[in-house]
Amino acid sequence: MERKTLIPVALSGFLIASLLVGARFGFPWAGGAGEAEKPLSLVVSRIEGEATADAAGRSRALVVGDTLVRGEVLATSDDTRLELTADGVRFGMDERTLVELTSLIPSDLAVTVRTGRVAATISADTAGFGIVTKESESRISTAGTLAITYYNFEDRVDIAPVEGPVAVFLSDGRTFISASAQEVTEAPSLSIRAIPFDPSAGAGAAFFAWYGLTR
């Protein structure tokens, strides 16, 4: 019997992530927050082209060494790529990508992608990393890499776990784990289907090569 790569969540390691994401989508069963944690220090480690960070209507051009804070919205222009790092975390943005730093708390590290292509890599001692779109959150909780492309004009997100599985939480309450690429259509209704993923081909090939993503 062929083993399915899309399975219901049954692993206790994703329970905490479920509660965190549930709170983000406003599910009543998610409960409240625990003790305050010190936010991660997220730093610009590499940049090619021009990128900006916007907070409260004030914009600044980013340079290597800049420290970022929760709530800032990062934008890359044409022919721009941006890499951010923190302890145990590496995050890359392709050109024409818009990302909000949703949470820098180590137990609930997450960004919201409004449009564009990103990749995230975490080490074994990192609690997890969530990438949020309009109706979903894709979260890696073990050492590995996750690639996301969000076509906001089509209400579609391509989710590609490259190393390790990804837990996907949908706003309608459905949750699943996948070890292979999936496409989530967010409107007019939520749907999921398996898709191929090759980082060396297609529109994202140059970015994935820059990020160092190979298979």
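The values are calculated or read from the model by the stated rules, or taken from the named source; none is laboratory data. From a predicted model like this one, the values you see are computed outputs, not experimental measurements. Reconstructed Cβ throughout: ideal geometry from the backbone, glycine too, with neighbour counts over all protein chains shown.
Contact map, segment 45-71: residues that are farther than 11 Å from L82 by Cβ and touching a residue at least 12 places away in the same chain (Cβ under 8 Å) paired with residues that are in a loop (DSSP other than H, G, I, E, B) and aliphatic (A, V, I, L, M), Cβ distance under 7 Å, separation 6+ or inter-chain. Pairs shown: R70/L104.
Please tell me if T121 is more than 23 Å from T214 (Cα to Cα) and either of a type in the set (S, T, Y) or under 12 Å from the mean Cα position of the chain (by Cα) (or both). If you could, list the steps in order and put the result at the bottom.
Numbers: more than 23 Å from T214 (Cα to Cα): no; either of a type in the set (S, T, Y) or under 12 Å from the mean Cα position of the chain (by Cα) (or both): yes.
In short, no.
In segment 94-182, which strands (runs of 3 or more DSSP E) lie fully inside it and hold 1 or more residues that are surrounded by fewer than 23 Cβ atoms within 10 Å (Cβ to Cβ) and without any contact (Cβ under 8 Å) to a residue 40 or more places away in the chain?
So the answer is 98-103, 110-122, 144-151, 156-163, 166-170.
Screening segment 68-87 for residues that are β-branched (V, I, T) and touching a Ser or Thr at 6+ places or on another chain (Cβ under 6 Å) and picking the one that is surrounded by the fewest Cβ atoms within 10 Å (Cβ to Cβ) gives T85.
When the strands (runs of 3 or more DSSP E) confined to segment 1-89 are screened for residues that are at pLDDT 50 or above, those reaching at least 3 such residues are found at 42-48, 51-55, 58-61, 73-76, 81-86.
The set of residues from segment 134-166 being under 19 Å from D87 (Cα atoms) and of a type in the set (S, T, N, Q) comprises S141, T142, T145.
Evaluate segment 136-153: report whether one residue or more is small (G, A, S) and over 17 Å from the mean Cα position of the chain (by Cα). No, the conditions are met nowhere in segment 136-153.
Only one of A205, A179, A187, A194 is closer than 21 Å to E83 by Cα and not acidic (D, E); which?
Details: A179 fails: closer than 21 Å to E83 by Cα; A187 fails: closer than 21 Å to E83 by Cα; A194 fails: closer than 21 Å to E83 by Cα.
From the options A205, A179, A187, A194, the qualifying one is A205.
For segment 191-215, a residue qualifies if it is touching a residue at least 12 places away in the same chain (Cβ under 8 Å), assigned to a strand (DSSP E or B) and of a type outside the set (V, I, T), and exactly one does: A194.
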